[in-house]
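*Asks:* Dropping the structure in here first, questions after.
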């Protein structure tokens, strides 16, 4: 092998090793295992007061304080007990994982006042209406309509009207 070929081989090998190290370290945006519970995924705030910080640690300043238990959030990344979240308005920040729940699957009404109907295909009478910002316990979604429960009242809303009802 010539010196040029050895250099090209060494350079290619180093590039492959760096890419492999990034994959093993979980570099964000890289390939993840199919069916894994890796981000993104939906959660809900556990407490009625939760602080979102600008970085993953208690030494980082608080960017937002949320005053609403059950508020849906999208987890974008995990790091050593912290999660990078996105709220319904698009704000992003870090929160301790203990302040969010993966069990509660909530969604928030977005956009405008939205009808809640009695049938899962959007037909049937209007049972009531929900204003933007209302949090609903989310059931199954079928062909663009989701079952919701708002304070014990159940019905169906368009999936497009709910932040947190789509696949993250």
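Per-residue answers, yes or no, for (1) closer than 13 Å to residue 164 by Cβ; (2) touching a helix residue (DSSP H, G or I) at 6+ places or on another chain (Cβ under 7 Å); (3) assigned by TED's automatic domain parsing to the domain that holds residue 63:
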position	(1), (2), (3)
76	no, no, yes
87	yes, no, yes
90	no, no, yes
98	no, no, yes
115	no, no, no
118	no, no, no
124	no, no, no
127	no, no, no
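*Asks:* Restricting the search to region 144-167, which residues are within 25 Å of residue 87 (Cβ to Cβ) and part of a loop (DSSP other than H, G, I, E, B)?
*Replies:* The answer is 144, 151, 164, 165, 166, 167.
*Asks:* Could you look through region 133-143, keep only residues that are in a loop (DSSP other than H, G, I, E, B) and within 19 Å of the chain's Cα centre (by Cα), and pick out the one that is surrounded by the fewest Cβ atoms within 10 Å (Cβ to Cβ)?
*Replies:* In this case the residue turns out to be 133.
*Asks:* Across region 40-91, what is the number of residues that are part of a strand (DSSP E or B) and farther than 14 Å from residue 105 by Cα?
*Replies:* 18
*Asks:* Assess whether residue 100 counts as being modelled with pLDDT of 95 or more and closer than 30 Å to residue 157 by Cβ.
*Replies:* yes
*Asks:* Something else: When you go through (1) surrounded by fewer than 16 Cβ atoms within 10 Å (Cβ to Cβ); (2) under 13 Å from the mean Cα position of the chain (by Cα); (3) at pLDDT 95 or above one by one for residue 89, which number turns out not to apply?
*Replies:* Residue 89 satisfies every listed condition except (3).
The values are calculated or read from the model by the stated rules, or taken from the named source; none is laboratory data. Computed from a predicted structure; not experimentally measured. Don't worry about glycine lacking a Cβ; one is built from the backbone with ideal geometry, like all the others, and counts go over all protein chains shown.
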